[in-house]
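Asks: Okay, here's the structure, questions in a sec.
The values are calculated or read from the model by the stated rules, or taken from the named source; none is laboratory data. Owing to the predicted nature of the structure, the values given are computational and were not obtained by experimental measurement. Methodologically, a virtual Cβ is constructed for each residue, glycine included, from the backbone with ideal geometry; neighbour enumeration extends over all protein chains shown. Keep in mind that these areas ignore ligands, DNA and RNA; they rest on the heavy atoms of the full protein, side chains included. Shrake-Rupley method; radii C 1.70, N 1.55, O 1.52, S 1.80 Å.
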Amino acid sequence: MTLAALVDRIVRLSAREPGVVVVGIVGAPGAGKTTLAEQLISLLNERERAPECQQYAHVPMDGFHLSDQELTRLGLLERKGAPETFDAHGYAALLRRLREARGPVVYAPGFERTIEQPIAGVVPVYSSVQTVLTEGNYLLLDQPGWRDVRAQCTEVWYCEQEEGLRIRRLIERHSAFGKTPAEAREWVERVDEPNARLIEATRGRADLIIPAFD
């Protein structure tokens, strides 16, 4: 499956389905979901550079991380990244809003890795948008909130990555944002990999299995 084939699939979905199409990209931590979504959006919007006129938008799940303050209150800070550390119901509500009639712009939250915190109102989705690409870990999880997320997606694609490379990139990512190499490896083993197993168990629910392109 090439990037061009995925672009063609999205274009055909957008032409076939009524209203706004939402394509989800799911996969284990470090699988390359964000990179794939960004590559696809760049190709889909290459003929229209003005954001207010583009038909395709990228709305990531990471904007729905709970803040460290709230995770501390809930006793979940050391599990940051697990399903219960996201506002799944809020994420589903945003996707539902994007599929309905809306005003000139809807602002979605993003995530700033330099401070490891969600940031409100940094992802504008203009009324010109007819297809939303959204990516995250738990789009196929059969749990409250996450089932509502899946219900808002026209299709969900499962992104696979070679295991050793995926884990190395996770360790490098955590190290780049403040953890020592030992702390990064411990976090991957204790938090990221149990989450990865949970995500991998949802693979069979995907509409399409694709390789990472990074």
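Asks: Roughly how many nanometres apart are two label points built 7 Å out from the Cα toward the Cβ at H89 and E183?
Replies: 3.4
Asks: Roughly how far apart, in whole Å, are the Cα centres of the range 81-124 and the range 1-72?
Replies: Cα centres, the range 81-124 to the range 1-72: 13 Å.
Asks: Please name which of L139, V156, I119 has its Cα lying farthest along the dipole of the range 75-214 towards the positive end, using unit charges on Cβ (Lys, Arg +1; Asp, Glu -1) and the Cα centre as origin.
Replies: Among L139, V156, I119, the one farthest towards the positive end of the dipole of the range 75-214 is I119.
Asks: Relative to the Cα centre, what is the charge dipole magnitude of the chain, using +1 at the beta carbon of each Lys and Arg, -1 at the beta carbon of each Asp and Glu, and rounding to the nearest 20 debye?
Replies: On the way: 26 positive and 31 negative charges, 77 e Å.
It comes to approximately 360 debye.
Asks: Just to confirm the filter: which chymotrypsin sites (Phe, Trp or Tyr not before Pro) across the range 89-146 are DSSP coil and have at most 14 other Cβ within 10 angstrom of their Cβ?
Replies: Details: sites: Y91, Y107, F111, Y126, Y138, W146; in loops: Y138.
Listed in order of number, the matching sites amount to none.
Asks: Projecting each Cα onto the charge dipole of the chain (Lys/Arg +1, Asp/Glu -1 at the beta carbon, about the Cα centre), which of I171, Q54, L3 comes out farthest on the positive side?
Replies: Of the listed residues, the answer is Q54.
Asks: Volume per residue, Å³, of the convex hull around the alpha-carbon atoms of the range 49-164? Let's see the in-between values first.
Replies: Details: hull volume 16.2 nm³, N = 116.
That works out to 140 Å³ per residue.
Asks: Hey, another quick one. Can you give the accessible area of T2, probe radius 1.4 Å, in Å² rounded to 10?
Replies: 80
Asks: Moving on. Once you sort the root eigenvalues of the Cα gyration tensor of the range 107-214 as a ≥ b ≥ c, which label holds: rounded (a/c under 1.5), prolate (a/b larger than b/c) or oblate (the other case)? Numbers along the way, then the final one.
Replies: Values: a/c = 1.92, a/b = 1.27, b/c = 1.51.
Judged from the Cα gyration tensor, the range 107-214 comes out oblate (a/c at least 1.5, b/c at or above a/b).
Asks: Can you tell which of R96, R168, R185 shows the greatest fluctuation in a Gaussian network model of the chain with Cα springs below 10 Å?
Replies: R168
Asks: Also, I was wondering about something else. For the pair D68 and R197, how long in nm is the line joining their label points, each one 7 Å along Cα→Cβ?
Replies: So the label points at D68 and R197 sit 2.8 nm apart.
Asks: Assuming R0 = 22 Å, what is the FRET efficiency of Y107 and E46, from their Cβ-Cβ distance, to the nearest 0.05? Present the calculation step by step, with values, prior to reporting the outcome.
Replies: On the way: r = 24 Å, r/R0 = 1.10.
Between Y107 and E46 the formula returns 0.35.
Asks: Report, please, the projected area of the range 17-103 averaged over directions, based on the convex hull of its C-alpha atoms, in nm². Please report the intermediate quantities before stating the final value.
Replies: Details: hull surface 29.6 nm².
Result: a mean projected hull area of 7.4 nm².
Asks: As an exercise, take the mean of 1/r over every pair of distinct alpha carbons in the chain, invert it, and state the Kirkwood radius in angstroms. Walk me through the numbers on the way to the answer.
Replies: Details: mean 1/r = 0.0567 Å⁻¹.
Computed over the chain, the radius equals 17.6 Å.
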